[in-house]
Amino acid sequence: MAGFLNFTKERLVNKVVEISTDDIISNPNQPRSDFSEDISQLADSIAQNGILQPISVRRKGSKYELIAGERRLRAAKLCGFPVVPCIVHEVSDRHSAVLALVENIQRQDLSFFDEASAIEKLITLYGMTQEDAASKLGRAQSTIANKLRLLRLTEKERALITQYGLTERHARALLRLGSAEDRLFILDKIIKCDLNVERSEKLIDEFIGSKRDKVSYKKRSVVFQNVKLFVNTINKAIETMQAAGISADSRKIQNEDYIEYRVRIPIQKKT
């Protein structure tokens with residue numbers, strides 16, 4: 001009997017089977033972080049037509065761990081379905097994480113920040129390179145690199161971008177600003193003025209140019225202060241000599257390209 005059961009389990013792998021919703025546990029590698037959207041429409045469709053695409057799971061002890069199809073599972077539970085159609089995969093933790101990410105990307109219902117976080121997880125937890133991740137996901141390596149750059153934004157910046165429905169291009173444009181303080185300042189203006197990507201990029205260009213001009217002015221100011229200090233030193237030296245009875249003097253000559261100072265100190269004749 002045991003042999004028959006084992007044979008049955010092997011035949012069930014990658015075949016559509018019905019599994020109790022109570023026996024399916026969440027996937028710790030689920031790339032989606034936001035399930036707050038209303039799934040009532042999906043539930044209505046499932047109630048009328050059933051689940052047309054089976055949910056992907058893998059065995060996890062006496063339970064089944066979800067690989068892909070969390071929204072369908074939630075909608076089925078909302079409908080009160082006791083069982084759902086599933087395909088059982090024999091996959092490793094690493095492969096399960098890849099499948100979950102690929103399924104969400106193919107459906108295009110994954111936020112760009114969730115996608116970037118999931119890619120980072122593939123790389124850091126499962127020892128993939130950017131090239132490995134690109135190959136698994138069918139993306140160019142440069143695309144993967146650009147996705148990962150989005151994670152340089154702080155949690156607060158990501159939350160604001162998501163909350164106000166800004167695009168990935170908005171997020172990338174903000175990365176041109178070096179500090180979180182500058183990014184939040186510009187992000188506030190983008191949100192308040194409801195700027196599209198082009199106008200946002202122009203605002204960032206102007207802000208960067210303004211900061212560059214300020215830096216240049218400060219550098220020129222430092223040079224000017226140094227020259228002024230040098231001139232004051234000369235004047236102080238002349239005053240000191242004059243106080244000591246030496247009839248020294250100086251003369252400032254303004255030229256087109258430079259300022260010339262001439263200092264005259266009389267030679268003391270020997271008696």
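Bear in mind these aren't lab numbers, they're just calculated from the coordinates by the rules spelled out. Every value quoted in this text rests on a predicted model; they were computed, and no experiment measured them. As a convention, Cβ positions derive from the backbone with ideal geometry for all residues, glycine included, and neighbour counts pool all protein chains shown.
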Can you return the aspartates and glutamates within cross-link range of residue 252? Criterion is Cα-Cα under 16 Å, with same-chain partners fewer than 8 residues away left out. 239, 260
Taking 51 Å as R0, compute the FRET efficiency from the Cβ-Cβ separation of residue 247 and residue 123 and round it to 0.05. 0.05
Pop a pseudo-label 7 angstrom from the Cα along the beta-carbon direction at both residue 49 and residue 135 and give the gap in nm to one decimal. 3.8 nm
Set the Förster radius R0 to 45 Å, insert the Cβ-Cβ distance between residue 78 and residue 211 as r into 1/(1 + (r/R0)^6), and round the FRET efficiency to 0.05. 0.30
Multiplying the sequence separation of residue 155 and residue 259 by 0.36 nm and subtracting their Cα-Cα distance, what value in nm do you get? 32.0 nm
Could you tell me the calculated FRET efficiency between residue 40 and residue 181, based on Cβ-Cβ distance and R0 = 30 angstrom, to the nearest 0.05? 0.10
Between their Cα atoms, which of 147/211; 147/192; 136/192; 15/77 are more than 32 Å away from each other? 136/192
